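Trainee: Let me give you the structure first, and then I'll get to my questions.
The values are calculated or read from the model by the stated rules, or taken from the named source; none is laboratory data. Owing to the predicted nature of the structure, the values given are computational and were not obtained by experimental measurement. Cβ: placed from backbone, ideal geometry, glycine included. Neighbour counts: every protein chain shown. Surface areas here come from the heavy atoms of the whole protein model, side chains and all, with no ligands, DNA or RNA. Shrake-Rupley method; radii C 1.70, N 1.55, O 1.52, S 1.80 Å.
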Amino acid sequence: MDYGLSIWGEENFCIDGDTVNINHGNSPSILEISKNIREMGYRGPLLLRFPHLVKKQIETLFSEFERAREEFGYSGRFHAVFPLKVNQYPNFVHSVIEVSEGYDYGLEAGSKAELIIAMALTPMGAPITVNGFKDREMISLAFIAAKSGHNIVVTIEGINELETIIELNREFNEGCENPVAPGIGMRIRLHSSGIGIWAKSGGYSSKFGLTSTELLEAYEMLKRENLMHRLSMIHFHIGSQMGEIAPLKKALREAGNIYAELKRRGAEGLGAINIGGGLAVEYSQHRPNDNRNYSIKEFANDVVYLMQEISRSKGVDEPDIFTESGRYVAASHSVLVAPVLELFSQEYSEKSLRLKESNPPLVKELYELYSSMKRVNAREYLHDALDHMESLLTLFDLGYIDLEDRSNTEILVNLIVKRAIELLDSEDTGELKRLQNRIQEKYLVNFSIFQSLPDLWGLGQNFPVMPISMLSRKASRSASIWDITCDSDGEIAFDPQSPLLLHDIDVEREEYFLAFFLTGAYQEVLGMRHNLFTHPTEAVILFDEKGDYYIGEITEARNLMDILEDLDYDTGAIDKILKRNIEDSTLIDDAQKQELLGKLYLYLSENSYLKTVETVGEER
Ligand SMILES: *Cc1c(COP(=O)(O)O)cnc(C)c1O
């Protein structure tokens with residue numbers, strides 16, 4: 001069983017015996033990497049970042065577009081920027097800049113804070129694009145960037161933004177011998193719209209973009225102000241996670257024709273079309289895989305082909321092509337590894353049986369069924385057991401058997417159903433599916449869905465999940481996953497249509513970790529501190545020339561006091577109160593006070609994820 005790795009994995013991971021490994025360098029297992037970090041004292045969930053996977057995505061994006069350009073003899077050039085809203089975490093953004101060296105890869109900003117990141121980290125000369133609603137200050141920042149030497153384009157979302165640009169241009173360039181201003185892009189309000197849960201970002205009812213009438217008005221304004229040479233780019237974004245290619249083609253035709261029309265009217269500086277993001281990621285763990293019906297190759301071909309066709313038929317130059325794909329670049333690079341703390345129906349194990357010297361005949365019979373079950377008799381014994389259970393429960397109601405007998409009945413029937421499912425694995429009947437549901441196991445996992453997988457909670461987005469060990473052992477427990485928040489939404493329910501099967505383990509004796517994949521796009525910054533669980537400890541995993549992995553930057557989850565400080569508590573005051581309460585307590589002596597203070601300060605310096613103690617004496 002590969003947990004759908006062949007569907008969502010893109011050959012980034014491989015299964016090697018018991019473990020799932022990184023398909024890069026000397027293929028270390030995720031288990032080994034996680035254990036290594038935990039041995040350094042880090043507990044709770046771990047977010048592993050793999051910059052080589054960011055590199056792979058950027059390389060594929062550029063090479064596919066370069067291939068398509070060559071194939072079609074396209075004369076416009078290809079450029080790309082990373083949209084910061086997808087992931088602004090410093091360890092990630094630094095990796096993006098590092099691995100994209102040589103590609104002239106830039107950053108896209110949608111807010112002032114993001115623009116500051118872009119201005120500080122984009123290599124000089126690589127493109128910066130600015131989208132979203134902007135005020136005077138934000139546009140001023142873009143002028144500062146341009147005057148510092150950055151290659152920056154501000155995309156206007158409305159006429160008022162253009163008015164501000166015109167005003168600021170006077171302010172910043174009055175009397176300058178060498179006037180410098182950002183390039184101007186115009187976001188168009190598409191007639192066509194995307195599909196899927198994120199479709200709102202495109203289309204006529206979209207929050208963003210200029211209508212045809214506004215485009216013409218903007219054009220006239222630029223002409224009047226002698227700024228036509230600044231208009232450099234037409235922009236659109238049809239929405240994220242575009243499942244089908246058809247809406248993109250429609251949008252490309254629309255945008256391409258707008259580009260050509262403006263060009264023919266005399267927009268001499270216009271030379272680029274920015275197709276936004278939307279390139280989808282396959283998150284599905286089960287066939288039919290329906291998240292994306294096209295390949296990156298088809299995507300690149302369609303963009304280049306359509307732009308060429310439109311340019312030729314309208315007799316204008318082929319525009320440079322910009323993309324702002326974020327999800328595609330970031331999603332695969334991070335893996336969340338979280339320890340399983342508990343299995344909730346572990347009481348249904350053989351060792352919990354309380355068999356007596358002499359048991360009721362039907363309980364004895366159940367025990368025999370359980371002990372002598374084989375593949376050939378499994379179905380028959382299963383039916384017998386379910387039948388006996390009905391009788392035994394009736395006997396209990398009538399007062400003929402006691403609570404221990406009833407408990408033994410529950411355990412034995414549970415064990416029999418489990419074993420039957422294992423034995424009859426290949427037979428995919430409705431009955432077995434129903435039984436799966438019945439013996440469903442709840443796995444309590446040390447992480448917060450709200451913090452680490454917010455799109456699962458908010459949008460029902462699936463993220464591939466699998467255990468990182470025991471993969472050569474058969475997993476037969478139908479599993480639902482509980483996080484450690486006290487919120488009943490913090491659950492990934494068992495779905496018989498796309499079942500998650502995990503191993504039957506005893507967490508008292510063995511460690512068991514689950515990994516959640518494709519969490520690198522949007523999840524981190526959308527994650528919320530519900531119950532005050534914070535961004536997990538993160539580690540950057542790098543590879544040396546020999547292919548050995550090593551651990552780069554580690555950023556530990558925030559400690560309890562930092563969390564309170566983030567909420568603007570006066571932590572100094574809290575510290576004093578806690579200390580005084582212990583010191584003033586009349587219930588304990590001085591030695592105990594010292595001991596309690598020591599413990600308190602240790603806890604305050606740690607993060608809020610659970611640390612349960614295993615019987616072997618190790619914390620999890
Ligand atoms: C969000 C956004 C993107 C990135 O979209 P992805 O689906 O992550 O590729 C690109 N451009 C703009 C303008 C956006 O708002």
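Trainee: Can you name every residue in the range 73-118 that is more than 16 Å from the ligand (Cβ to nearest atom), among the aromatic types (Phe, Trp, Tyr) and either without any contact (Cβ under 8 Å) to a residue 40 or more places away in the chain or more than 20 Å from residue 302 (Cβ to Cβ) (or both)?
Mentor: Within the range 73-118, 103 is the sole residue that qualifies.
Trainee: If you go through the range 65-72 one residue at a time, do you hit one that is within 16 Å of the ligand (Cβ to nearest atom), open to solvent by less than 10 Å² (accessible area, probe 1.4 Å), touching a residue at least 60 places away in the same chain (Cβ under 8 Å) and over 14 Å from residue 334 (Cα atoms)?
Mentor: The first filter runs over the range 65-72 and keeps only residues within 16 Å of the ligand (Cβ to nearest atom), leaving 65.
Remaining after also requiring open to solvent by less than 10 Å² (accessible area, probe 1.4 Å): 65.
Still in the list and also touching a residue at least 60 places away in the same chain (Cβ under 8 Å): 65.
Pick out the ones that are also over 14 Å from residue 334 (Cα atoms) and you get 65.
Yes, the range 65-72 contains at least one residue that is within 16 Å of the ligand (Cβ to nearest atom), open to solvent by less than 10 Å² (accessible area, probe 1.4 Å), touching a residue at least 60 places away in the same chain (Cβ under 8 Å) and over 14 Å from residue 334 (Cα atoms).
Trainee: When the residues of the range 519-540 are filtered to those that are open to solvent by 10 Å² or more (accessible area, probe 1.4 Å) and part of a loop (DSSP other than H, G, I, E, B), which remaining residue is nearest to the ligand (Cβ to nearest atom)?
Mentor: Applying the filter and picking the extreme gives 522.
Trainee: For the range 563-605, which positions are open to solvent by 100 Å² or more (accessible area, probe 1.4 Å) and among the polar types (S, T, N, Q)?
Mentor: 586, 594
Trainee: Give me a count of the residues in the range 440-463 that are part of a loop (DSSP other than H, G, I, E, B) and crowded, with 23+ Cβ neighbours inside 10 Å. Steps first, answer last, please.
Mentor: So in the range 440-463, the residues part of a loop (DSSP other than H, G, I, E, B) come out as 440, 446-448, 453, 460-463.
Remaining after also requiring crowded, with 23+ Cβ neighbours inside 10 Å: 446-448, 453.
Qualifying residue count, the range 440-463: 4.
Trainee: Here are the criteria: (1) more than 30 Å from residue 283 (Cα to Cα); (2) in a loop (DSSP other than H, G, I, E, B); (3) in contact with a helix residue (DSSP H, G or I) (Cβ under 9 Å, 6 or more places away or on another chain). Tell me which single one residue 575 does not satisfy.
Mentor: (2)
Trainee: Let me ask something additional. Just checking, does the range 338-361 include any residue being within 16 Å of the ligand (Cβ to nearest atom) and in contact (Cβ under 8 Å) with a residue 40 or more places away in the chain?
Mentor: First pass over the range 338-361, keeping only residues within 16 Å of the ligand (Cβ to nearest atom): none.
No, that holds for no residue.
Trainee: In the list 411, 416, which residue meets the criterion of being touching a residue at least 60 places away in the same chain (Cβ under 8 Å), open to solvent by less than 60 Å² (accessible area, probe 1.4 Å) and in a helix (DSSP H, G or I)? Give the derivation first.
Mentor: Values: 416 fails: touching a residue at least 60 places away in the same chain (Cβ under 8 Å).
After applying the criteria, what remains is 411.
Trainee: While we're here: Restricting to the range 127-156, give me the number of residues that are open to solvent by less than 50 Å² (accessible area, probe 1.4 Å) and within 16 Å of the ligand (Cβ to nearest atom). Walk me through how you get there before you give the answer.
Mentor: From the range 127-156, those open to solvent by less than 50 Å² (accessible area, probe 1.4 Å) are 127-132, 134, 138-143, 145-146, 149-150, 152-156; that's our starting set.
With within 16 Å of the ligand (Cβ to nearest atom) added as a condition, the list becomes 127-132, 134, 138, 142, 152-156.
Total satisfying the criteria: 14.
Trainee: Further question on the same structure: One residue is enough: does the range 266-278 have a residue meeting the conditions in contact with a Pro (Cβ under 7 Å, 6 or more places away or on another chain), part of a helix (DSSP H, G or I) and surrounded by 24 or more Cβ atoms within 10 Å (Cβ to Cβ)? Break it down stepwise before answering.
Mentor: Step one: of the range 266-278, the residues in contact with a Pro (Cβ under 7 Å, 6 or more places away or on another chain) are 271-273, 277.
From the residues that got through so far, the ones that are part of a helix (DSSP H, G or I) too are none.
No, the range 266-278 contains no residue that is in contact with a Pro (Cβ under 7 Å, 6 or more places away or on another chain), part of a helix (DSSP H, G or I) and surrounded by 24 or more Cβ atoms within 10 Å (Cβ to Cβ).
Trainee: Examine the range 484-492 for a residue that is of a type in the set (Ser, Thr, Tyr), on the phi < 0 side of the Ramachandran plot and touching a strand residue (DSSP E or B) at 6+ places or on another chain (Cβ under 6 Å), and state whether such a residue exists.
Mentor: Here is the first cut: in the range 484-492, the ones of a type in the set (Ser, Thr, Tyr) are 485, 488.
Cutting the leftovers down to on the phi < 0 side of the Ramachandran plot gives us 485, 488.
So of that shortlist, the ones also touching a strand residue (DSSP E or B) at 6+ places or on another chain (Cβ under 6 Å) come out as none.
Within the range 484-492, none of the residues are of a type in the set (Ser, Thr, Tyr), on the phi < 0 side of the Ramachandran plot and touching a strand residue (DSSP E or B) at 6+ places or on another chain (Cβ under 6 Å).
Trainee: If you go through the range 304-331 one residue at a time, how many are out of contact with any Lys or Arg (no Cβ under 8 Å at 6 or more places or on another chain), surrounded by 18 or more Cβ atoms within 10 Å (Cβ to Cβ) and in a helix (DSSP H, G or I)?
Mentor: Count: 8.
Trainee: Scan the range 211-229 and give yes if some residue there is within 16 Å of the ligand (Cβ to nearest atom) and among the polar types (S, T, N, Q), otherwise no.
Mentor: Here is the first cut: in the range 211-229, the residues within 16 Å of the ligand (Cβ to nearest atom) are none.
So far as the range 211-229 goes, no, none of its residues is within 16 Å of the ligand (Cβ to nearest atom) and among the polar types (S, T, N, Q).
Trainee: Sticking with this one: Would you be able to say whether some residue in the range 251-264 is under 19 Å from residue 86 (Cα atoms), modelled with pLDDT of 95 or more and open to solvent by less than 20 Å² (accessible area, probe 1.4 Å)? Explain how you work it out, then say what you get.
Mentor: Looking only at the range 251-264, we keep the residues that are under 19 Å from residue 86 (Cα atoms), and these are none.
No; the residues of the range 251-264 include none that is under 19 Å from residue 86 (Cα atoms), modelled with pLDDT of 95 or more and open to solvent by less than 20 Å² (accessible area, probe 1.4 Å).
Trainee: Is at least one residue of the range 553-560 without any contact (Cβ under 8 Å) to a residue 60 or more places away in the chain and in a helix (DSSP H, G or I)?
Mentor: Start the filter on the range 553-560 by keeping residues that are without any contact (Cβ under 8 Å) to a residue 60 or more places away in the chain, which leaves 558-560.
Still in the running and in a helix (DSSP H, G or I): 560.
Looking through the range 553-560, at least one residue is without any contact (Cβ under 8 Å) to a residue 60 or more places away in the chain and in a helix (DSSP H, G or I).
Trainee: Collect the residues in the range 26-49 that are out of contact with any Lys or Arg (no Cβ under 8 Å at 6 or more places or on another chain), assigned to a loop (DSSP other than H, G, I, E, B) and not aromatic (Phe, Trp, Tyr), keeping them in residue-number order.
Mentor: Going through the range 26-49, the residues out of contact with any Lys or Arg (no Cβ under 8 Å at 6 or more places or on another chain) turn out to be 27-42, 45, 47-49.
Right, trim to assigned to a loop (DSSP other than H, G, I, E, B) and you get 27-28, 40-42, 45.
Hits for the range 26-49 are 27, 28, 40, 41, 45.
Trainee: Something else: State the number of residues belonging to the range 371-388 that are open to solvent by 20 Å² or more (accessible area, probe 1.4 Å) and assigned to a helix (DSSP H, G or I).
Mentor: Final tally of qualifying residues: 9.
Table: residues versus (1) within 16 Å of the ligand (Cβ to nearest atom); (2) under 21 Å from residue 80 (Cα atoms); (3) basic (Lys, Arg).
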residue: 267; (1), (2), (3): no, no, no
residue: 270; (1), (2), (3): no, yes, no
residue: 278; (1), (2), (3): yes, yes, no
residue: 287; (1), (2), (3): no, no, yes
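Trainee: Identify, by number, the condition in (1) of a type in the set (Phe, Trp, Tyr); (2) away from the ligand (no atom under 16 Å from the Cβ); (3) under 27 Å from residue 47 (Cα atoms) that residue 283 doesn't meet.
Mentor: So residue 283 meets the others, but not (2).
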